[in-house]
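Input: a single structure, listed below in structure tokens.
Rule-based calculations on the coordinates, nothing more; no lab input. Keep in mind it's a predicted model, so treat the numbers as computed, not measured. Because the Cβ atoms are built from the backbone with ideal geometry, glycine has one as well, and the counts that use them run over all protein chains shown.
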Amino acid sequence: MCQTAWAAARIEAQQLADLARLRRVRDRIDREYAEPLNVEALARGAHMSAGHLSRQFRLAYGESPYQYLMTRRIERATALLRRGDLSVTEVCFAVGCSSLGTFSTRFTELMGMSPSAYRQAVREHAGVAAGVPQCVVKQVTRPLRHQDALVA
């Protein structure tokens, strides 16, 4: 095997190993979204540097680990707000956010309205969604970056 082919095979093997680690990081975020997670801790768990994890995660999934984590938290928050038995503050802490201001800012960024406005809109349109399967409601209400939604 020539030197170039060997180097290419080694690079490909490293990329596959990185993708497997990235999947584990993504799965951990999905499982532990309500826990205090940060990029440094995620990177340590994946045996990568924080910078390398952030770059590779963005290349693989289109957003940084932090953005992905906040998307998961906001996705869960929308479900809790639709349920209607928790206040916005309780929802904020239930999904792992430690600051109501940051939660509200990120929620508005992703959903295009504040958590309170979202809750009010859900109440006003409660009859419209009656009988719609939860899997459809979840897909339709999945958070998008508001700027991305405006472009699409």
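A few points about this structure:
- Where a residue in segment 19-44 is more than 21 Å from Ser99 (Cα to Cα) and touching a residue at least 24 places away in the same chain (Cβ under 8 Å) and its partner, wherever it lies, is assigned to a helix (DSSP H, G or I) and not hydrophobic (A, V, I, L, M, F, W, C), with Cβ under 7 Å and at least six apart: Leu22/Gln56; Val25/Pro65; Arg26/Tyr61; Arg26/Tyr68
- Screening Arg58 on (1) in a loop (DSSP other than H, G, I, E, B); (2) without any contact (Cβ under 8 Å) to a residue 60 or more places away in the chain shows it passes everything except condition (1).
- Long-range neighbours under 6 Å by Cβ, at least six apart or interchain, first residue free of Cβ contacts under 8 Å to residues at least 60 places away in the same chain and buried (at least 17 other Cβ atoms within 10 Å of the Cβ) within segment 73-84, second part of a helix (DSSP H, G or I) and not aliphatic (A, V, I, L, M): Leu81/Tyr118; Leu81/Arg119
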